[in-house]
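Structure, as structure tokens:
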Amino acid sequence: MTGKLGTTTMVITIDRPDEINPNISLFHPRAFEQTIGDFLTFLRGDVVSSDMQEWHAPVQWQPIPRINNICAKFQIRSAYDANRYERWIVTPISSTHLLSISFKLSWNHVHHKMGGINSEEQHDISNMEQLCDDTMDSLEVKLSAKALAQQQTALAGLDDTSLVSDYPPLKWESYKTIGLE
């Protein structure tokens, strides 16, 4: 959706890691969390300059207990552009596949009379955020019988099947630090 003050883009994907150990299931909470970290590193980890990383993720990590499956919401925030960020919700739908819904929000400080940018004018983006929240809160995922069996196998013997309550933003090294220059 696009308007005078901003844009909200929703993307729904089903992702499968390129390399996945057949003995590990994304229904396992630690495997799910690790895969999210790997995915975020793949997605945004290469955008690092000599002084700072461009993206911070995951930000505002929030496990979602209302779904009968592990599920988490989080944000990806730009370190350079305060007028854009992404909101994500991710849940496994099989031992090897993740369902991801992301919203990219961007807005400008537009001065309507002049047609240019006015850094002193702030726009209320709460309606854009509410649209994202309402969509994410309405998510219902019904696993297939095969996926339910995979989930049961992955969780067998676990005393605690919850996700971590705090997942701090990842730290990505600059190319110079890891010797790729």
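Odds and ends about this structure:
- Each of 141, 90, 48 was scored by other Cβ atoms within 10 Å of its Cβ. Arranged with the fewest first, they read 141, 48, 90.
- Spatial separation of Cα centroids for region 121-163 and region 50-107, in angstrom: 11
- Net charge of Cβ neighbours under 12 Å - reference residue 103; Lys, Arg +1; Asp, Glu -1: 0
- Residues 27, 39, sorted so that the one with the fewest Cβ neighbours within 10 Å comes first: 39, 27
- Going by neighbour counts of Cβ atoms within 10 Å, the residues 165, 78, 95 line up, fewest first, as 165, 78, 95.
- Checked against a 29 Å cut-off, the cross-linked pairs 104/146; 142/171; 73/171 give Cα-Cα distances beyond that limit for 104/146; 142/171.
The numbers here are math on the coordinates, done by the rules we state, and not lab data. What you are looking at is a predicted structure, and each value in this text was computed from that prediction instead of being measured. Neighbour counts run over all protein chains shown; Cβ positions are idealised from the backbone, glycine included.
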